[in-house]
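Colleague: If you scroll down you'll find the structure; I have some questions about it.
No value in this document is a laboratory result; all are computed from the given coordinates. Treat the numbers as computed from the prediction; the structure is a model and nothing was measured. So basically every Cβ, Gly included, is an ideal-geometry build from the backbone, and we count neighbours across all protein chains shown.
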């Protein structure tokens, strides 16, 4: 029996529950009645009458009204808008979905799209999961039994807004409702995925849409081809194009352009030409994009002459067919910037602006990158400041590129100021920015500042990436702080930071350089344990480490392991093996490595030839070194300072000091030493007190790469300073370097004497000559030629003649330059008789025409100063009355060259009038060679009574400085090799 108290409570709760149910039913009935009244007024169009009703908006009421108005779209739309305007109420996503179905069924597609966007925005704002929205779409679709078009429309909107995951969810589930997306809708989805660079997903979705029965069109195929190409699967794209014929589809120019671009990104010119042939075969016309891509492929390969030729060819098309735009100009300008030809880049930029086209951010960034690459940060700054005039705003790439330029030049103060400017301009620094600063401090050697910046960034919430860690690790290893580097590595592993192959490779590189090969193998095992696959750089680093440690057998074993894992050896790997074989004294196996390089269709680069030349020079096999050089230049590869310095050192070791000094002089004259002008800027030579220790340390660091480092590099820099007119600074550096063991040699003094003569201080030049003699150094003919030339140019012709007559006493034989300097001096004062006597003396001393090629221009000057005579012209050999001067010319072996001489002089005179940049032609023993231009032309030897196999070097003084340009190095080295080996050139 129940307690009376509990009985009363139970009865009270039952009454309350019954009352609540009655109230709820009353509310529902009231809502239904209100809903019916609202629907009746809306259907009748009496919208104003709604204001007389007491309506309390709720989700229940709105859903009820929309459900009743599913066949009355205008009434439903009016009521939904009325509900949306309420202050304390907003329709939820289910109401949106009902309205969208109603509007879609009524084919009110504009309104449908509008409210679909509203639904998507509401879902994003409220963070509704996609399945919740999609399930409600399906429920209403089944309840209303319309409208399936909504699925297509929402899929397209998701794709357009970049909500790729939502779009793919709808795509995957549409077929469950019996809906197959249209081809156009699939194209929208694929395009969205392609814009998001999800190329693999594009390919998967294509396979899926084909399975569900979607018929692809030409645009679908173009998107897929573009995805294949950008996913680095160009060959697969070609296969797909070939299979399109079986589908009855013909690819349009857009698809072919995508295919061409795939080959362009690889720099594959042959592939581009194959696609062009395919286009021609199928009568597909090239458009502006096609031509732009053709320009781009040559730019990608660094063949700027061909790129410009292609661009100029585009100009010849009619304007209604091809109208050049800023994109094609941008591609060409960017190409010139990448190869460092900034003058050409600016020329085409000005041409573009002159044609009425405006600048864009891409071109500005290309110019900034080009200038920074050359170390011209001031010009890069001007581009950024000038962007305001073109209504452009620098972006993160603009600032980060200039920042990198500052860091490369060691201008860290300016770099940090630029970071502040970035923030002020609304461009927030990123990991790229901070990594660049860290790299700049590391390269400058300021490891303490680098660590301080690192700690500061961590305090500010900077999340380092693999590049940042790699930069810090590399800096610690380079400073010899291997213990701190390993502590940092352990910290990276302990805190679970993201690690990748770059970080592992940096650690391996540091350990290998320290010779810690056991630890390196342990790191490799750890790398595999963490699921990070080694790449070619990983194995090359290990191979190089073992090679430097003298274990070349292990280096080759690592190469075999790498190839078994399907990683082909690169030319860099073979370069490391070549250096390792030379270190191990196994140069006999070099031929096998070179043969393997050829079999694998790899192209040796400048590092390959540098390793060969260095190795052969070390072993004293100079002929093999020169053969490697000739092969390199024959392939169009220009020598670098490493190769030139190696040859200089080898020549010095073999006692060929004259040849070594001659080559060293050409290195200075041709600016082979990289960025020699940086010494002038970096060390601030204009200041009174030079930081000599800093200069010396810098030179030591630069010189560590070479066989005979200090002497070669010091002489190059000293000669460079002399070339820039900084002879006083050069003397100060010599004084400081002498404390480090540097002893000035003949080349050092020759540079100083040459600088003094050029500046007109001949007395200082003779003081330096006397200083040489006191130190037991014997000036050679090159030095005395400089002194004689300096005296002639300063008006001391008599003193120059006296010095000339003393040469024989000093055991020196005058050469072409000696005579040319004096002949030039006599011609300038009008004393042609003495000039002719010198020429006659040259003949008596058995100087052949090969030693007189420099005197031809002087003969021409002499001819102009002689009064009219019976011969009319010294070059008129057919005149019956031959003057004594003409007789003299016959003695000089010009007799059988008379017709060629007259033609050459006549052509040369015309060329100088119309094309002053054309080279001057001089006769030599092998014919006529253009030494100032871009090519060597050998004329008919049969017209010359000269000994063809005899070669004598020119002495490379100031008069010959411009005779050999950088692309004439093959000629220079041919002559050098002939002198050393006695062979024919």
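Colleague: Assuming R0 = 51 Å, what is the FRET efficiency of residue 85 and residue 235, from their Cβ-Cβ distance, to the nearest 0.05?
Modeller: Details: r = 60 Å, r/R0 = 1.17.
Approximately 0.30, to the nearest 0.05.
Colleague: Ranking 558, 102 by Cβ neighbours within 10 Å, fewest first, what do you get?
Modeller: Working: 558 22, 102 29.
The fewest-first ordering by Cβ neighbours comes to 558, 102.
Colleague: Classify region 263-407 as rounded, prolate or oblate from the Cα gyration tensor: take a ≥ b ≥ c as the square roots of its eigenvalues, call it rounded if a/c is under 1.5, otherwise prolate when a/b beats b/c and oblate if not. Can you show the working numbers first?
Modeller: On the way: a/c = 2.45, a/b = 1.71, b/c = 1.44.
Taking the square roots of the gyration eigenvalues as a ≥ b ≥ c, region 263-407 is prolate.
Colleague: Of the listed peptides 235-242, 765-772, 754-761, what is their order by residue-averaged count of other C-beta atoms within 10 Å, with the highest listed first? Write down the numbers at each step before the final one.
Modeller: Numbers: 235-242: 16.9, 765-772: 18.5, 754-761: 20.2.
Most protected by this proxy first, the peptides run 754-761, 765-772, 235-242.
Colleague: Compare the peptides 367-377, 573-583 by average per-residue count of other Cβ atoms within 10 angstrom and give them in order, highest first.
Modeller: Details: 367-377: 21.5, 573-583: 23.1.
Output ranking for 367-377, 573-583: 573-583, 367-377.
Colleague: If you don't mind, another one. Need the full-extension length gain, residue 144 to residue 487, defined as separation in residues times 0.36 nm minus the C-alpha distance. One decimal, nm.
Modeller: Extending this stretch completely gives an extra 116.8 nm.
Colleague: Ranked highest first by the average count of other Cβ atoms within 10 Å around their residues, in what order do 807-816, 524-533 fall? Don't jump to the answer; show the numbers that get you there.
Modeller: Numbers: 807-816: 14.4, 524-533: 12.2.
Highest-to-lowest ranking by the protection proxy: 807-816, 524-533.
Colleague: Another question, then. What is the spin-label model distance, in nm, from residue 361 to residue 109 if the labels are put 7 Å beyond Cα along the C-beta direction?
Modeller: Rounded to a tenth, the inter-label distance reads 3.4 nm.
Colleague: Length gain on complete extension for the stretch residue 525 to residue 743, per 0.36 nm per residue less the alpha carbon to alpha carbon distance?
Modeller: 73.4 nm
Colleague: Right, another one. Rounded to the nearest 0.05, what FRET efficiency is calculated for residue 60 and residue 182 with R0 set to 41 Å and r the Cβ-Cβ distance?
Modeller: Numbers: r = 37 Å, r/R0 = 0.89.
Using R0 = 41 Å, I get an efficiency of 0.65.
Colleague: Please tell me the relative contact order of region 729-838 in percent, rounded to the nearest whole number, where contacts are Cα pairs under 8 Å and at least six residues apart.
Modeller: Working: 94 pairs, mean separation 21.3, N = 110.
It rounds to 19 percent for region 729-838.
Colleague: How far is the Cα center of region 53-118 from the Cα center of region 585-609, in Å?
Modeller: Cα centroid of region 53-118 versus Cα centroid of region 585-609: 76 Å apart.
Colleague: Okay, next question. With the crude spin-label approximation of a point 7 Å out along Cα→Cβ, what separation in nm comes out for residue 565 versus residue 67?
Modeller: Each label point lies 7 Å from its Cα, and together they span 6.4 nm.
Colleague: Right, another one. Quote the FRET efficiency, to the nearest 0.05, computed for residue 514 versus residue 459 with a Förster distance R0 of 25 Å and r equal to the Cβ-Cβ distance.
Modeller: On the way: r = 31 Å, r/R0 = 1.25.
Given R0 = 25 Å and the Cβ-Cβ separation, E is 0.20.
Colleague: Still on this structure, I have one more. How far apart, in nm, are the 7 Å Cα→Cβ label points at residue 599 and residue 53?
Modeller: 9.0 nm
Colleague: Please report 142, 32 as a ranked list, fewest other C-beta atoms within 10 angstrom at the top and most at the bottom.
Modeller: Details: 142 10, 32 14.
Ordered by Cβ neighbours within 10 Å, fewest first: 142, 32.
Colleague: Still on this structure, I have one more. Kindly identify region 209-265 as rounded, prolate or oblate by the Cα gyration tensor criterion: order the square roots of the eigenvalues as a ≥ b ≥ c, call it rounded if a/c is under 1.5, otherwise compare a/b with b/c, prolate if a/b is larger, else oblate. Mind showing how you got there, number by number?
Modeller: On the way: a/c = 1.98, a/b = 1.63, b/c = 1.22.
Because a/c hits 1.5 or more and a/b exceeds b/c, region 209-265 counts as prolate.
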